[in-house]
Amino acid sequence: MPDIDIRKIITAVEETFHEGGPRADIPHRKAAITAVIANPFAGRYEADIKGFMEDLRPLGLRMARQLLTLLGGDPARIEGYGKGAIVGAAGELEHGALWHVPGGYAMREVLGDTRAIVPSTKKVGGVGARLDVPVTHINASYVRSHFDAMEVGCNDAPKASELALVLVMTTGARVHARVGGLAAGDITGEDGLR
Amino acid sequence: MIADIRKLAVWVEETHAEMGQAVSPPTRKAVAVAVIANPFAGRFEPDLTLLMNIGEDLGALLGQRCVQALGIAPAQAESYGKAAMVGEAGELEHAAAILHPKLGGPLRLAVEKGAALVASSKKIGGPGQVLDVPLGHKDAAFVRSHFDAIEVRLNDAPRAAEIMVAVAVTDSGRPLPRVGGLTKDQVQGRDGLR
């Protein structure tokens, strides 16, 4: 099994106090962590790639823990999450799909048995590519106030033979959420949807 | 804080390897950004004192945010820089008023010392536009290993009547410096140059 060869770790934290409306008592916070790693399958078609998911598990856990720390360290404060990957041009989209399991389950483990699927996106891109990482509520995907996204990217990554793997967490609803739908206070949180 | 801050964002980049060469310890750069309302958007205001005072507040806030994000003591900061991007309803001079008269003093307190000029850049721009923040050694501008920059970008800023103000701080120079010049060990740190 190949080692994970990390070139860069990038963190981003955004606090939004208002967006033209009333100032929030507690600012809405989003954080992202991106690991830029070597793609062990770059430049060739490799039929069996599943083993790399296992290799990525420790990295996923480390990233999820660091992300939680960036948002204050209390899992109870985290209300939204998402994940994504940008595959450098010498790789294929399927390599990005390797991040689904280790990225998603790392956040679930760190946040403690969350119910909702972790929304995700992925693409092949070059250095400076931006990725809009979708975000939804951690326990009920239909919570409308928590539908959100966070843009990530880095000017020098991913190079052709690299993968940029991303996790995102947020502390709550959009800062001026007011379009109705299922409210976070009304979820049953059993099926991960409502 | 006299500024109307809509958003704060902080990024940290760690470089663990470059061209297959391990970088140990990793080089680390932080950049903190405030998105504020431009009090003079849409009109010509001869007296820019208010923006100068806002710059003073932001020098402290953003400098401290960077140092905090790097998890270092202020004295461990090695280089710094500043930049501003003014939304289209403002003018370039608004960036100058924030950056040049008063921002440097409190920033220097946040990084302890800071004999050197704080490298800067400014521009007019819109949401999602890139701002490159130049970096130079905080005590001796001629330290060649610390000439660098960090890119920042926020998808939703600056709106027309906003200003995006950035301060960057590092605890290191470029990952693999080897173009000679004054080194950080040779710094006298009295005149801000050598």
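Readers should treat all values here as calculations from the given coordinates under stated rules, not as data from a laboratory. Model, not experiment: these values are computed from the prediction. Note that we place each Cβ from the backbone using ideal geometry, even for glycine, and neighbour counts take in every protein chain shown.
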Worksheet item: Which helices, taking whole DSSP H runs in chain B, have alpha carbons extending 30 angstrom or more along the helix axis plus mean Kyte-Doolittle at least 1.6?
Response: none
Response to the item:
Comparing B:Gly55, B:Gly128, B:Gly63 in a Gaussian network model of chain B (Cα, 10 Å), the one with the largest mean-square fluctuation is B:Gly128
Item to complete: Mind checking which of A:Thr136, A:His95, A:Val152 is farthest towards the positive end of the range A:6-186's charge dipole, using Cβ charges of +1 (Lys, Arg) and -1 (Asp, Glu) about the Cα centre?
Response: A:Val152
Practice prompt. Might you report the magnitude of the Cβ-based charge dipole of the protein assembly as shown about its Cα centre, with Lys and Arg at +1 and Asp and Glu at -1, to the nearest 20 debye?
Written response: 360 debye
Practice prompt. Could you work out which residue, out of A:Ile86, A:Ile37, A:Ile138, moves most in a Gaussian network model of chain A, that is, has the largest mean-square fluctuation with Cα springs under 10 Å?
Written response: A:Ile37
Worksheet item: Hey, got the dipole for the range B:1-58? About the Cα centre, +1 on K and R Cβ, -1 on D and E Cβ, debye to the nearest 20?
Response: 160 debye
Fill in: Folded to 0 to 90 degrees: helix A:100-111 orientation relative to chain A principal axis, Cα
40 degrees
Worksheet item: In Å, what Rg and Dmax follow from the Cα atoms of the range A:6-186?
Response: 16.4, 54
Discussion item. Report the rotationally averaged projected area of the protein assembly as shown based on its alpha-carbon convex hull, in square nanometres.
Written reply: 19.7 nm²
Worksheet item: Which trypsin sites (Lys or Arg not before Pro) from the range A:39-131 combine a DSSP loop assignment with at most 11 other Cβ atoms within 10 Å?
Response: A:Arg44, A:Lys50
Worksheet entry | Qualifying GluC sites (Glu not before Pro) in the range A:121-194, DSSP loop, other Cβ atoms within 10 Å at most 10 | A:Glu190
Worksheet item: Can you pick out the pairs among B:Lys7/B:Lys113; B:Lys123/B:Lys184; A:Lys30/B:Lys82; A:Lys83/A:Lys123; B:Lys102/B:Lys123; B:Lys29/B:Lys122 whose Cα atoms lie more than 22 Å from each other?
Response: B:Lys7/B:Lys113; B:Lys123/B:Lys184; A:Lys30/B:Lys82
Fill in: With Cα atoms, 0 to 90° folded angle of helix A:51-70 axis to chain A main axis
40 degrees
Worksheet item: Are there chymotrypsin sites (Phe, Trp or Tyr not before Pro) in the range B:1-100 that DSSP marks as loop and that have at most 12 other Cβ atoms within 10 Å, and which are they?
Response: B:Phe44
Worksheet item: Roughly how big is the range A:55-138's charge dipole about its Cα centre, with Cβ charges of +1 (Lys, Arg) and -1 (Asp, Glu), in debye to the nearest 20?
Response: 100 debye
Practice prompt. Determine one quarter of the surface area of the Cα convex hull of the range B:5-186, which equals its mean projected area, and express it in nm² to one decimal.
Written response: 10.0 nm²
Worksheet item: When the helix-only estimate is applied to chain B (DSSP H runs of n ≥ 4, each -39,500 (n - 2.57), divided by the residue count), what is the mean residue ellipticity at 222 nm, nearest 500 deg cm²/dmol?
Response: -6000 deg cm²/dmol
Worksheet item: Given B:Phe40, B:His94, B:Gln68, which one lies farthest toward the positive end of the charge dipole of the range B:1-126, if we put +1 on the Cβ of every Lys and Arg and -1 on the Cβ of every Asp and Glu?
Response: B:Gln68
